[in-house]
Amino acid sequence: MAKPRFPESERPKERKPPWLRVRVPLSPELDQTRGIIRRGRLHTVCEEAACPNLGECWSSRHATFMILGSVCTRACAFCNVATGRPQGVDPDEPARVAKAVAELGLRHVVVTSVDRDDLDDGGAGHFARTIESIRAASPGATVEVLTPDFLRKQGALETVIEARPDVFNHNIETVPRLYRTVRPAADYEHSLAILARVKDAAPSIFTKSGLMVGLGEEREEVRGVLDDLRRHGVDFVTVGQYLQPTLRHIGVARYLPPEEFDEIRTEAEARGFLMVSATPLTRSSHHADEAFEKLREARERALRR
């Protein structure tokens with residue numbers, strides 16, 4: 001049995017508070033979603049990252065597709081996705097994703113991926129082909145990408161921008177002080193910079209980022225991240241509770257009560273984001289279709305002022 005990654009995770013997992021206990025609804029729609037994903041030989045972040053909202057989303061026939069395989073080249077302290085040496089890129093995957101999107105009848109599609117530091121472009125070309133395939137199969141669908149940081153991958157970000165996703169999401173994940181522990185292979189300033197580069201290159205693309213809390217950050221540090229994201233042109237920010245996937249992952253420092261998330265949401269809204277989602281169970285792609293409609297409406301209101 002593998003040793004825990006972090007000494008603090010050797011203690012038993014703390015019991016979740018009542019507001020984080022989620023019942024998985026059983027429904028024919030959930031089974032249908034699972035069947036479409038299995039037949040397409042596709043991966044979803046819902047399963048690979050052990051998302052607490054899987055049952056709710058799949059029962060609504062919504063899933064977040066994870067391309068470029070299920071093995072990540074990085075080992076972030078919070079993430080449940082497997083780490084190791086990935087297999088080659090599957091050239092047929094974009095078409096299979098597009099077929100599943102059409103079968104599910106999705107009007108808004110979220111596509112993410114593992115980190116692929118082994119690829120010259122970090123997988124950016126595969127993102128672009130997936131966007132193009134979805135639009136060919138479902139012309140009315142909007143596309144949101146949640147990308148890795150493409151660190152040291154020259155031209156990769158521009159490849160994704162040229163494919164013109166409707167939303168470009170890249171999660172900042174945590175406060176700068178905790179990067180060395182939580183996200184050791186990433187760079188806070190680089191992550192901010194790619195969000196700004198997307199907005200500069202294509203102002204019509206909505207930019208989005210997410211932050212986990214409960215990892216030991218201070219409230220003033222959260223405010224600092226919100227300030228940084230807004231200063232770099234981010235339109236939509238999500239804030240959710242970190243949940244320890246296994247005893248091998250970094251432990252939860254604190255479970256924030258719902259009222260504290262309300263305070264964070266108020267603080268974020270005061271900074272001028274077009275859209276803010278901050279609840280214990282908020283995740284990047286949770287209710288992404290509804291959020292996208294609200295985001296468009298918020299932009300239209302802002303332009304009329």
Sorting 194, 86, 130 by the position of each Cα along the dipole of the chain (Lys, Arg +1; Asp, Glu -1; all at Cβ), the one nearest the positive end of that ordering is 86
Per the rule of 0.36 nm per residue minus the C-alpha distance, extending residue 27 to residue 102 adds in nm 25.0 nm
Mean separation of Cα contacts under 8 Å (at least 6 apart) over the residue count of the stretch 23-304, i.e. the relative contact order in percent, is 15
Contour minus Cα-Cα span, residue 34 to residue 219, at 0.36 nm per residue, comes to 62.7 nm
Here P(r) for the stretch 151-298, Cα-Cα distances in 10 Å bins, as whole percents, is 11, 42, 35, 12, 0
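Sorting check: for 105-117, 68-80, which peptide has the highest mean count of neighbouring beta carbons within 10 Å, and how do the rest follow?
By packing density, highest mean first, the sequence is 105-117, 68-80.
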For the residue 136, residue 303 Cβ pair and Förster radius 25 Å, calculated FRET efficiency rounded to 0.05 is 0.25
Once Lys and Arg are counted +1 and Asp and Glu -1 for all other residues with Cβ under 10 Å from that of residue 41, the total becomes 0
Listed by chain and number, the aspartates and glutamates with an alpha carbon less than 18 angstrom from that of residue 99, same-chain partners under 8 positions apart left out, are 29, 31, 90, 132, 144
So the pair-distance distribution of the chain, from every Cα-Cα distance in 10 Å bins, comes to percents of 6, 28, 38, 24, 4, 0
Karplus ³J(HN,Hα) for the stretch 249-262 (6.51 cos²θ - 1.76 cosθ + 1.60, θ = phi - 60°; Hz, whole; x = Gly/Pro) runs 9, 4, x, 7, 7, 6, 9, 7, x, x, 5, 6, 5, 4
Toy charge model, Lys and Arg Cβ at +1, Asp and Glu Cβ at -1: the stretch 23-304 dipole around Cα centroid in debye, rounded to 20, equals 360
Given backbone amide H placed at 1.01 Å from N, residues whose amide H is under 5 Å from that of residue 67, ignoring those fewer than 5 places away on the same chain, are 112, 113, 114
Per its Cα gyration tensor (rounded if a/c is under 1.5, else prolate when a/b beats b/c, else oblate), the stretch 135-212 is best filed as prolate
The stretch 61-210: relative contact order from alpha carbon pairs under 8 Å, six or more residues apart, as a whole percent, is 22
Between residue 231 and residue 296, Cβ-based FRET efficiency (R0 22 Å, step 0.05) works out to 0.45
For residue 253, placing the label point 7 angstrom along Cα-to-beta-carbon and taking the stretch 144-183, residues whose amide nitrogen sits under 11 Å are 175-179, 181-182
Residues other than residue 191 with Cβ under 12 Å of its Cβ, Lys/Arg counted +1 and Asp/Glu -1, net out at -3
Of all stretches in the chain that avoid GluC sites (Glu not before Pro) placed in a DSSP loop and having at most 13 other Cβ atoms within 10 Å, the longest is 15-217
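Read the figures in this text as sums done on the coordinates, not as results from a lab. Predicted model, so just to flag it, every value in this text is computed and none were measured. No Cβ is skipped: glycine too gets one built from the backbone with ideal geometry, and neighbour counts run over all protein chains shown.
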